[in-house]
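Read the figures in this text as sums done on the coordinates, not as results from a lab. It should be emphasised that the depicted structure is a prediction, and the values quoted were computed from it without experimental measurement. Don't worry about glycine lacking a Cβ; one is built from the backbone with ideal geometry, like all the others, and counts go over all protein chains shown.
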Amino acid sequence: MKLHISYNLTDLDKALALAEQTAAYADILGIGSLLIVKEGVNAIKKFRAAFPNKELFAESHIVEKGEDTVIMMAQAGANYVSILAGAHLSTIKKAVEAAKQFDVNIALDLLDAQSAGQSALDAKTIGAHMIVLQRYHAEEDATEIENGWRDVKDNTKLPIFITGKIDDENIRQIINLKPQGIMIGTAITKADNPAQKASFFRSLM
């Protein structure tokens, strides 16, 4: 099970400083969508320069121009690029084709999927390498979370990463589902002691 730490800030220097404190506990460093919107591919380049041996995940949530976006992010140093399941099929396919040129993994994010189960079923066919399953609401109870998990898990053999409002209260429940990865952001980056919190999650996983 991999720990993906998401640095979804608007301040690149602060994001890099937080990453310096916590990267040792992470398998994957996530460059958040806010950071990408503000800094563009420069954010990826800066993270690559600072962490040459870490896997970098561009949380880009692509909805159009998939080919061009993937190429730019791959050239900047990303290992993973996310695309929304609701994007047009041709956009996803072009993104996948571009990713093959650079040995980059395409993560299909189910955030806007009309049917998570159907999108999971289609994911491998369209060439995605992994699936990102969002917990849509912080107040979701255990049954809702587990039902959403089963709907996706039963329809794919691709790796599934779970994200969205994961914290001390629900981390054990998420771990018990046995996803291939867990993506955690503010529970670490806004903690009083980010390194200690990252270590805590890493130890549980």
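Here are some notes:
- Alpha carbon Rg of region 149-205, scaled by the compact-globule rule 2.2 N^0.38 Å: 1.20
- Once the Cα-Cα distance is subtracted from the 0.36 nm per residue extended length, the ASP103 to GLU64 segment shows a gain of 12.0 nm.
- Long-range tail of P(r) for region 52-182 (Cα pairs > 23 Å, %): 31
- Span from the region 25-69 Cα centroid across to the region 99-138 one, whole angstrom: 17
- For the chain, size of Cβ-based charge dipole, Lys and Arg +1, Asp and Glu -1, in debye: 580
- Taken about its Cα centre, region 1-121 carries a charge dipole of about 140 debye when Lys and Arg each add +1 at the Cβ and Asp and Glu each add -1 at the Cβ.
- Packing-based ranking of 181-189, 169-177 yields 181-189, 169-177, ordered from highest to lowest mean Cβ neighbour count within 10 Å.
- Viscosity 0.890 mPa s, temperature 25 °C, Stokes-Einstein D of region 73-142 from Kirkwood C-alpha radius, µm²/s: 194
- Residues GLN114 and ILE175, FRET efficiency given R0 of 35 Å [Cβ-Cβ distance, rounded to 0.05]: 0.75
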